[in-house]
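These notes are about the structure you will find just below.
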Amino acid sequence: MNFKMIQFLGKEVPQLIFGSLTMAPLQRNMPAEEGGKIIAYALKKGLRWIDTAQMYGSYPHVRIGIEQSGINRDELVISTKSLCKTYKEMEEAINEAMDEMNITYIDLFLLHAVRSPEDFLDRSGALNALTEAKRLGKIGALGISTHSTICAGILSGDERLEWYHLMFNKKGTGLTDGTLDDQIKVIKEIKKRGARFYAMKPLGGGYLKGMAEEALKWVKDNPLVDAVALGMTSEEEVEMNIRVFTDQAVSEELSYRLSTIEKRLFVFNNLCIGCGECEKTCEQSAIFVKEGKALVSEENCILCGYCIPACPKFALRII
Ligand code: SF4
Ligand code: SF4
């Protein structure tokens, strides 16, 4: 069996996207050489879309992966994102992405983690810079990523936005508001006007790893989904994901081994300012501030990830 292929501005690429967050400094913190080797392995196995972001710190990993794969850059789709707000900051972010990945254009550039329509308006300078970069041929398409169903719904009709990168998994895990049904309604609106959608966190940030094969199939086979970004940090994970996305059987042993890799919510103490925003967000009473720093009760934490976007300092990660 082969991958389901999708069209991206004249390129035909598999639906499975190599997500580079999990190997990056924010999560596993793999050296760029090591991460790049895994990206190169995935590209040699047929993947053609790599997803990254300015804040991930994975541009060096992506550059090495492309170089080591020997695949022509024009066969690849590279997507990235930035949290920046102003025109100038976004101009710099575009140049930084091209410089650090050693590429001359970016296929897709998103406003990263838009929290609300107000936040979107506040970032109109950055959006204007993306529009201009598209006119100049520096980027191919633009869009937003958001964890908020309400925000995605309000922005679903904005004709400037061509791609939406939204939370999508069978349990609705990680949505900061709304339900999975609400999210599906929003995605239908987006698709109705011809814009496109790629899924983030198909395994709910790790929480659905115990049912990984079933959860991945649920996302990949959903007709609303154009593509799926999935973090990978080993050749084994690449193998398993390719098998699932090409409808091949996954051995019980491989599935078990990957499902038992421990994950937990980690607090970067050097970033935490003890503001308590995470505590206010958590419905499980699993995180609280003590002596100026957030502490996680692993017993109560269900790895839903709701507290992560609430943190103004990006001090929380599921690792
Ligand atoms: S929201 Fe972030 S910065 Fe604030 S206490 Fe929690 S972890 Fe620390
Ligand atoms: S502490 Fe755990 S349970 Fe609470 S919001 Fe964060 S990830 Fe979810």
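Just so it is clear, none of the values below were taken in a lab; they were calculated from the coordinates. Computed from a predicted model, the values in this text were never measured in an experiment. Note: ideal-geometry Cβ built from the backbone for every residue, glycine included; neighbour counts use all protein chains shown.
What the table shows:
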read-out: Listed pairs K37/K220; K217/K290; K185/K290 exceeding 32 Å between Cα atoms; value: K217/K290; K185/K290
read-out: Pairwise centroid distance, computed over Cα atoms, of the range 269-302 with the range 1-51, Å; value: 32
read-out: Debye, to nearest 20: dipole size of the range 1-118, +1 on Lys, Arg Cβ, -1 on Asp, Glu Cβ; value: 460
read-out: Efficiency of FRET from Cβ geometry, E253 and Y87, R₀ 41 Å, rounded to 0.05; value: 0.20
read-out: Where labels lie 7 Å past Cα in the beta-carbon direction, separation of L271 and E34 in nm; value: 1.9
read-out: Residue-averaged 222 nm ellipticity for the chain, from DSSP H runs of 4+ at -39500 (n - 2.57), nearest 500; value: -10000 deg cm²/dmol
read-out: Length gained when the stretch R73-E299 is fully extended (0.36 nm per residue, less Cα-Cα span); value: 76.8 nm
read-out: The range 195-268: C-alpha gyration tensor shape, a/c 1.5 cut-off, then a/b vs b/c; value: oblate
read-out: Among L121, L16, M55 - extreme Cα towards positive end, dipole of the range 1-124, charges at beta-carbon; value: L16
read-out: The chain - share of DSSP beta bridges that are antiparallel (%, nearest 5); value: 25
read-out: The range 55-112 versus the range 138-156: alpha-carbon centroid distance in Å; value: 18
read-out: Charge dipole magnitude, Cβ of K and R +1, D and E -1 - the range 265-318, Cα centre, debye nearest 20; value: 200
read-out: Out-of-range pairs (alpha-carbon distance over 22 Å; input K45/K138; K45/K171; K81/K201; K4/K201; K280/K313); value: K45/K138; K45/K171
read-out: Label point distance in nm, T179-L121, each placed 7 Å from Cα along Cα→Cβ; value: 3.0
read-out: Rounded to whole Hz, the Karplus (6.51, -1.76, 1.60) HN-Hα couplings of the range 153-160, x for glycine and proline; value: x, 5, 8, 5, x, 6, 5, 6
read-out: Whether the range 5-259 is rounded, prolate or oblate, judged on the alpha carbon gyration tensor where a/c under 1.5 counts as rounded; value: oblate
read-out: Gyration tensor verdict on the range 17-142 (Cα atoms; rounded if a/c is under 1.5, prolate if a/b is larger than b/c, oblate otherwise); value: prolate
